[in-house]
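Report on one structure; see the data block that follows.
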Amino acid sequence: MRIRLKRVFRRSKYAATGAALGAAVGAVFSRNAASTGGALGGLLGATIAQQRDSVDNVVGEIKEKKAPERLADEAE
């Protein structure tokens with residue numbers, strides 16, 4: 001449950017940051033561009049968070065597979 005909440009908060013943080021940056025860039029041009037930039041930035045932020053999460057999962061799986069080997073090497 002804790003891992004799931006951590007994932008949700010990470011995605012929301014990235015989405016909010018992306019939306020803020022997209023809206024700021026869009027606001028330079030017009031109000032409509034700010035709205036569109038915020039939406040696209042939020043989508044991009046959530047996508048980046050999901051990719052980061054999948055990479056973290058792969059790295060965690062690799063560490064779990066190598067952990068028993070290290071323990072065996074250290075015992076000798």
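Worth pointing out:
- Long-range neighbours under 6 Å by Cβ, at least six apart or interchain, first residue free of Cβ contacts under 8 Å to residues at least 60 places away in the same chain and on the phi < 0 side of the Ramachandran plot within segment 1-28, second part of a helix (DSSP H, G or I) and open to solvent by 90 Å² or more (accessible area, probe 1.4 Å): GLY18/LEU44; GLY22/LEU40
- Residue that is farthest from GLY18 (Cα to Cα), among those in segment 30-66 that are assigned to a helix (DSSP H, G or I) and of a type in the set (Ser, Thr, Tyr): SER54
- Residue that is farthest from ARG4 (Cα to Cα), among those in segment 14-71 that are of a type in the set (S, T, N, Q) and open to solvent by 60 Å² or more (accessible area, probe 1.4 Å): ASN32
The values are calculated or read from the model by the stated rules, or taken from the named source; none is laboratory data. As the structure is a computational prediction, the values presented were derived from the model and not from experiment. Cβ: placed from backbone, ideal geometry, glycine included. Neighbour counts: every protein chain shown. These accessible areas exclude ligands, DNA and RNA; they are computed on the full protein's heavy atoms, side chains included. Shrake-Rupley method; radii C 1.70, N 1.55, O 1.52, S 1.80 Å.
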